[in-house]
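Encoded as structure tokens, the structure appears first; notes follow it.
The values are calculated or read from the model by the stated rules, or taken from the named source; none is laboratory data. All of these numbers come straight from a predicted model, not from anything done at the bench. As a convention, Cβ positions derive from the backbone with ideal geometry for all residues, glycine included, and neighbour counts pool all protein chains shown. Ligands, DNA and RNA are excluded from the accessible area calculation, which covers all protein heavy atoms including side chains. Shrake-Rupley method; radii C 1.70, N 1.55, O 1.52, S 1.80 Å.
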Amino acid sequence: MKGMTITQKILAEHAGTPSVTPGQLIQVKLDLLMANDTGFPISLKEYRKSGAKRVFNRDKIVLVMDHCTPSKDVAAAENCRLAREFALEMGISRFFDVGQVGIEHVLLPEQGLAAPGEVIIGGDSHTCTYGALGAFSTGMGSTDIAAALITGKTWLKVPSSIQIHLSGSLPPHVGGKDVILTLLAQIGASGARYQSLEYTGEGIAALTMDDRFTIANMSIECGAKNGIFPVDSVTEQYLAGRVNHTYRAFTPDESAEYQRVIRLDLSSVVPMVSCPHLPANAKPVSEVQNVKIDQVVIGSCTNGRLSDLAAAAAILKGRRIAKHVRALVIPATQQIYRDAMRLGYLETFLAAGCAICAPGCGPCAGGHMGLLGKGEAALSTSNRNFLGRMGHIESSVYLAGPETAAATAVFGEITGPDQFCR
């Protein structure tokens, strides 16, 4: 029997078979299913059409009202109403609404709902975030979510794998966003299509959990099916006191087969920025000169965590943003909002001239709270910068980490954090 990767081992166990091979079609049992306010109404429509009267397990379904809440218009309000009514009807206990909500991919790990060795699907492409915890997680379409609501199962084609071998440690003022943008520039927008990115190497130990969440989240931006990290002491420390159910961590076989190996020395990574209109169109920030920015967004499921707010606040403390810049700060969850308030970060942002928004996705996918007008440019700590992603079709979005975003807000044009950290 051929050796298996972490992803293949998880899928084999959930398919009830000793082994799986790349390209094999399998059906797997789910540990968790997640949906949000934008996609769930479509799933619910298909669920009703099926004639089903119950869900597979009301405790393994998570509904998160995060994309367009508080509701920006009647359509958004109706989407949330449908989800609320369904959660009440089915007795779904894990329903997160305004006042308790957060961005789904930050909220689920924070609440201890995702764990190593699990199979998790969600109605959002960045569900692959939970691979940072050693889970197989991936996004699916609304009709797949509808079927899974009923059966607790889904079908998959087993992906082949690319090994991402990390060595060294990150320099100061460089984070997980810079790592994944560096990798995306190397792999390309479709260079890992329907493959698993399996992160390995001694460099992993130098990455924080927040770094890993960001890297796993954006693995999809090169076409990958999922990104996954091994479980180590850093992972276990994060899980302790959060996850109260049993789980099983997997390690790859020494004879596991990879389509290719990509090696990255973390000490060589520099602050990066993705230029319009693809995340993979990434360059060192030092190569992106004289780009005026109208709006800066610090938040999203990649960089709205407490460590991200701390890094941005350190740059902004005692400084003011440029007069022509609108700077939005969006804590990813209610708990992060409270912690940032307790630690004084919110006061720092307010003193610098920033606006602080309610936890949620905000303008990331063109939802609300900060859309761009014609000809405007934004630098955002989010994960995508597709054409028209954040507003007008003739607007532009650049992607970077929180320190670069904060420095850019001060200067009014794209600027690396080294301007303040020499």
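Evaluated with a Cβ-only charge set (Lys, Arg +1; Asp, Glu -1), the chain carries a dipole of roughly 660 debye about its Cα centre, given to the nearest 20. 3J(HN,Hα) along the stretch 40-52, derived from phi through the Karplus expression 6.51 cos²θ - 1.76 cosθ + 1.60 where θ = phi - 60°, amounts to 4, x, 5, 4, 5, 4, 5, 4, 4, 4, 6, x, 5 Hz, with x in place of Gly and Pro. The relative contact order of the stretch 48-176, computed from alpha carbon pairs under 8 Å that lie at least 6 residues apart in sequence, is 21 percent. Note: relative contact order over the stretch 236-316, using C-alpha pairs below 8 Å and six or more positions apart, is 12 percent. Among P284, S267, Y345, whose Cα lies farthest out toward the positive end of the dipole of the stretch 249-367, if unit charges sit on the beta carbon of Lys, Arg (+1) and Asp, Glu (-1)? So the residue we want is Y345.
Net charge dipole, the stretch 216-296: roughly 220 debye, given to the nearest 20, about the Cα centre with Cβ charges of +1 for Lys and Arg and -1 for Asp and Glu. Solvent-accessible area per residue in the chain equals 39 Å², computed with a 1.4 angstrom probe and all protein chains kept. Of P363, P22, P41, the residue with the greatest mean-square motion in the GNM of the chain, using alpha carbon springs below 10 Å, is P22.
When you restrict to C-alpha pairs under 8 Å that are six or more residues apart and normalise by the size of the chain, the relative contact order lands at 17 percent.
Between G168, A224, L207, the Cα set farthest toward the positive side of the dipole of the stretch 101-254 (charges on each charged residue's Cβ, about the Cα centre) is that of A224. Mind giving me the nanometre distance, one decimal, between the label points for E394 and V270, set 7 Å out from Cα along Cα→Cβ? Using points 7 Å along Cα→Cβ, the separation is 3.4 nm.
Summing Lys, Arg as +1 and Asp, Glu as -1, what charge do residues with Cβ under 13 Å from the Cβ of A409 carry, A409 excluded? Taking every Cβ under 13 Å from that of A409, the sum is +3. Estimated from helices alone, the mean residue ellipticity of the chain at 222 nm is -8500 deg cm²/dmol (sum of -39500 (n - 2.57) over DSSP H runs with n ≥ 4, per residue).
With R₀ set to 25 Å, the beta-carbon distance separating R81 from D59 gives a calculated FRET efficiency near 0.60.
The distance separating the Cα centre of the stretch 363-411 from that of the stretch 178-246 comes to 24 Å. A Cβ-based charge dipole, computed about the Cα centre of the stretch 80-219 with Lys and Arg at +1 and Asp and Glu at -1, lands at about 280 debye. Each residue, S255 and K49, gets one label point 7 Å from its Cα in the Cβ direction; the gap between the two is 4.7 nm. Within the shell of other residues whose beta carbon sits under 13 angstrom from the beta carbon of K72, the net charge comes to -4, with Lys and Arg scored +1 and Asp and Glu -1.
Couplings 3J(HN,Hα) of the stretch 198-206, computed from phi: 10, 7, 9, x, 5, x, 4, 4, 8 Hz, in residue order, whole Hz [Karplus 6.51 cos²θ - 1.76 cosθ + 1.60, θ = phi - 60°; x for Gly and Pro]. Of the solvent-accessible surface of the chain, computed with a 1.4 Å probe and all protein chains present, 50% belongs to carbon and sulfur.
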